[in-house]
Amino acid sequence: MNRENLIIFDTTLRDGEQSPGASMDIDEKVQIAKALEELNVDVIEAGFPIASKGDFKAVSEVSKAIKKSTVCALARALDKDIIAASEALKHASKKRIHTFIATSPIHMEKKLKMTPSEVIERATSAIKIAKTFTDDVEFSPEDAGRSDLDFLCKVIEHAINAGATTINIPDTVGYNLPHQFGNLIKNILSNVKNSNNAIFSVHCHNDLGLAVANSLSSVLNGARQIECTINGLGERAGNAALEEIVMTVRTRQDIFKCDTNIKSKKIMKCSRLVSSITGFPVQPNKAIVGKNAFAHESGIHQDGVIKSRETYEIMRAEDVGLVSNSLVLGKHSGRNAFKQKLKELNIEYLDDNELDQLFFAFKELADKKHDIFDEDIIRLSNKQELTGDIIQFKYMKVSTESGHKPAAEIKLEVDGEVKESKCEGDGAVDAAYNAIEKIVNSGCKLVLYSVNNITTGTDAQGEVTVRITKNNTIVNGHGADTDIVKASVLAFINALNKLQQNPDLSATKKRGI
């Protein structure tokens, strides 16, 4: 049987970033975009250029960095939005403009205050303008899931006649049930006269936990593009999870007449990277990428898997980028063994110099903890080297004693000058943060502090995410170490450096579909 291609449109950098607290700086967006390209994602929606200067620059930088995947920019059906999108995409090897306008009665009346005919006119005009910048134009009737079918079909027909090559049907508020949404796609394809001139896509939100189910139902009814995000990140309850879509279609080829181009062995690394950068930990029982997804504790299950893996596993851990969660490397392991492990985990490196850096980081970690897990190696490979940092960590000493306030001595290099201070606090981390703030005098406010263990055991690496704010600017900082206080210090310093380097990061985002 000839398998049709199911296009994967990833919107982690756009809709995923709309998760409250998931703001990413430009370097982080580029890092994720490169990981998505390694994953072989077809289309990467890089952002909403009109929303802010930071968003515009992020789309521009992603466009420069990505060579194989199509880079997409979102734009409302407004001339200024489309022009901004085209400018941000001018360096892209392959580019797409994605424009949208709402079509549900409640949105047209309450939000847009436009008549149906005005909505059609605005949509077709926007598409025609976008076509002057690129042949690849996507149109979304926002809140299609609650739109009148006859009007929806009319809008889509006009959109295709105007030049839209992809029609995306969003379930913007996650309202539909799988059979309803599948039938909606089927009815649109049957009733839109020129439907064969466009690829039909879906963008499902997870408000009722049905984003993946609705997306897959639409594929069974003719959709051939799915808009999704890594780890299901996104506005409110999130979007359809890329990893769940890809592995469901691939596992159930007896049902689906299509497949994706995704290199599934890269999924775990990409999942961990997005989790690390956003500070949103993956729940242990999360399908495909949760740490328990391929774990078996029940004696009956263990016995079955030992006798035949297929008794309790419908996928192989290797297919999503894991080998096993067992001790395979330690402090006595050599460079070649480490290199082989990277190969097993599908972790790529640019050259011998980058390999040496990874190996050195591995050795440092192996000296600190007894068991080295696959997740430890994945975390090391995702660590972005910080260059040009104004503030650099040099030394830390923390003392805690019953009946006395914890105290911390911190030594930092700030703009080439070594500075140190000592402060007390309500706890070891609080004391360390007070000492850092005494040195840098940033005036920022700490609004989130989160700790997540990367692996298990008392010597596990701790990953700390902090969020700080100053003058309406919000940045996230990340740090990892077997010493949780040091990880906390590294995360705070990371955030302070971002605050210095990115004074324009805006917490205000214009919302999309």
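The values are calculated or read from the model by the stated rules, or taken from the named source; none is laboratory data. Nothing here was measured: the structure is a model prediction, and the numbers come from that model. No Cβ is skipped: glycine too gets one built from the backbone with ideal geometry, and neighbour counts run over all protein chains shown.
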>> With closer than 26 Å to H91 by Cβ, hydrophobic (A, V, I, L, M, F, W, C) and in the same structural domain as I44 (by TED's automatic domain parsing) as the only criterion, which of I127, I106 stands out?
In response: I127
> Looking at region 220-244, which of its residues are touching a Cys at 6+ places or on another chain (Cβ under 9 Å) and surrounded by fewer than 24 Cβ atoms within 10 Å (Cβ to Cβ)?
Replying inline: R224, E244
>> Can you pull out every residue in region 34-50 that is surrounded by fewer than 24 Cβ atoms within 10 Å (Cβ to Cβ) and of a type in the set (G, A, S)?
In response: A35
> If you take the residues in region 194-219 that are buried (at least 21 other Cβ atoms within 10 Å of the Cβ) and polar (S, T, N, Q), which one is nearest to V274 (Cα to Cα)?
Replying inline: N206
> Applying the selection to region 391-450, what residues are of a type in the set (V, I, T) and farther than 30 Å from P20 by Cβ?
Replying inline: V398, T400, I410, V414, V418, I439
> In region 214-248, how many residues are closer than 19 Å to I167 by Cβ, part of a loop (DSSP other than H, G, I, E, B) and in contact with a strand residue (DSSP E or B) (Cβ under 9 Å, 6 or more places away or on another chain)?
Replying inline: 4
> Between residues in region 341-355 that are more than 17 Å from A35 (Cα to Cα) and residues that are part of a helix (DSSP H, G or I) and not β-branched (V, I, T), which pairs lie under 7 Å by C-beta distance while being six or more apart or on different chains?
Replying inline: L355/K339
>> Which condition from (1) of a type in the set (S, T, Y); (2) surrounded by fewer than 14 Cβ atoms within 10 Å (Cβ to Cβ); (3) modelled with pLDDT of 80 or more is the one that Y433 breaks?
In response: (2)
> For region 103-115, how many residues meet the condition of being surrounded by 23 or more Cβ atoms within 10 Å (Cβ to Cβ) and under 18 Å from K80 (Cβ atoms)?
Replying inline: 0
> Within region 101-150, which residues are of a type in the set (S, T, Y) and either assigned to a helix (DSSP H, G or I) or at positive phi (or both)?
Replying inline: S117, T124, S125
>> The conditions are (1) within 23 Å of the chain's Cα centre (by Cα); (2) modelled with pLDDT of 80 or more; (3) under 23 Å from A361 (Cβ atoms), and N452 fails exactly one of them. Which is it?
In response: (2)
> Quick one: which of V418, V429 is touching a Pro at 6+ places or on another chain (Cβ under 9 Å) and in the same structural domain as G477 (by TED's automatic domain parsing)?
Replying inline: V429
>> Any residue at all in region 35-52 that's out of contact with any Asp or Glu (no Cβ under 8 Å at 6 or more places or on another chain) and farther than 29 Å from C270 by Cα?
In response: no
> When you look at A65, is it closer than 18 Å to C228 by Cα and hydrophobic (A, V, I, L, M, F, W, C), yes or no?
Replying inline: no
